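Colleague: Encoded as structure tokens, here's the structure I'll be asking about.
The values are calculated or read from the model by the stated rules, or taken from the named source; none is laboratory data. Computed from a prediction, not measured in an experiment: that's the story for all the values here. Because the Cβ atoms are built from the backbone with ideal geometry, glycine has one as well, and the counts that use them run over all protein chains shown. Note: areas computed on protein heavy atoms with side chains; ligands, DNA, RNA excluded. Shrake-Rupley method; radii C 1.70, N 1.55, O 1.52, S 1.80 Å.
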Amino acid sequence: VQLQASGGGLVQAGGSLRLSCTASGRTFSSFTLAWFRQAPGKEREFVAGFRWSDDFTRVADAAKGRFTISGDNAKNTVYLQMSSLDAEDTAVYYCATRQSYLISTVQANYRHWGQGTQVTVSS
């Protein structure tokens, strides 16, 4: 399984970005994919998750109302649409996937990880 994350960059506070994570290497119908982020000096934290089989999603409280996760099965790609960004959203964003129908918020439960993409929000 390979994951390719992209879409990070520098954005002003209040702006938007869309991250993409493209998966390859097998069929993902029984997998879930999640986005995590890690800010400097902080623990990696769950942001949002997506279940391929029925498009079920789960979003962390800190992201609710601002971030939306969605998927395109034909492209094996999951998107994280982020809006109303602020400085606290600055972090490296990682996508990860695991073979389970449960969207876990625990990073140790994910076996496969992408390389991370930097999101920097300037105030």
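Colleague: Mind checking whether some residue in the range 78-94 is over 14 Å from the mean Cα position of the chain (by Cα) and free of Cβ contacts under 8 Å to residues at least 40 places away in the same chain?
Modeller: No: zero hits.
Colleague: Do we have THR22 as modelled with pLDDT of 95 or more, more than 24 Å from SER123 (Cα to Cα) and in a strand (DSSP E or B) here?
Modeller: Spelling it out, THR22 is indeed modelled with pLDDT of 95 or more, more than 24 Å from SER123 (Cα to Cα) and in a strand (DSSP E or B).
Colleague: Would you confirm whether any residue within the range 61-75 is modelled with pLDDT of 95 or more, touching a strand residue (DSSP E or B) at 6+ places or on another chain (Cβ under 6 Å), open to solvent by 30 Å² or more (accessible area, probe 1.4 Å) and over 14 Å from THR90 (Cβ atoms)?
Modeller: Checked the range 61-75: at least one residue is modelled with pLDDT of 95 or more, touching a strand residue (DSSP E or B) at 6+ places or on another chain (Cβ under 6 Å), open to solvent by 30 Å² or more (accessible area, probe 1.4 Å) and over 14 Å from THR90 (Cβ atoms).
Colleague: From the residues in the range 56-93 that are assigned to a strand (DSSP E or B) and aromatic (Phe, Trp, Tyr), which one is farthest from PHE31 (Cα to Cα)?
Modeller: Looking at residues that are assigned to a strand (DSSP E or B) and aromatic (Phe, Trp, Tyr), I get PHE67.
Colleague: On to the next question. What number goes with the only condition from (1) closer than 24 Å to GLN2 by Cβ; (2) assigned to a loop (DSSP other than H, G, I, E, B); (3) of a type in the set (Lys, Arg) that LYS42 does not pass?
Modeller: Going through (1) closer than 24 Å to GLN2 by Cβ; (2) assigned to a loop (DSSP other than H, G, I, E, B); (3) of a type in the set (Lys, Arg) one by one, LYS42 breaks only (1).
Colleague: Name the single residue that is least open to solvent (accessible area, probe 1.4 Å) among those in the range 94-123 being aliphatic (A, V, I, L, M) and in a loop (DSSP other than H, G, I, E, B).
Modeller: If we take residues in the range 94-123 being aliphatic (A, V, I, L, M) and in a loop (DSSP other than H, G, I, E, B), then ILE103 is least open to solvent (accessible area, probe 1.4 Å).
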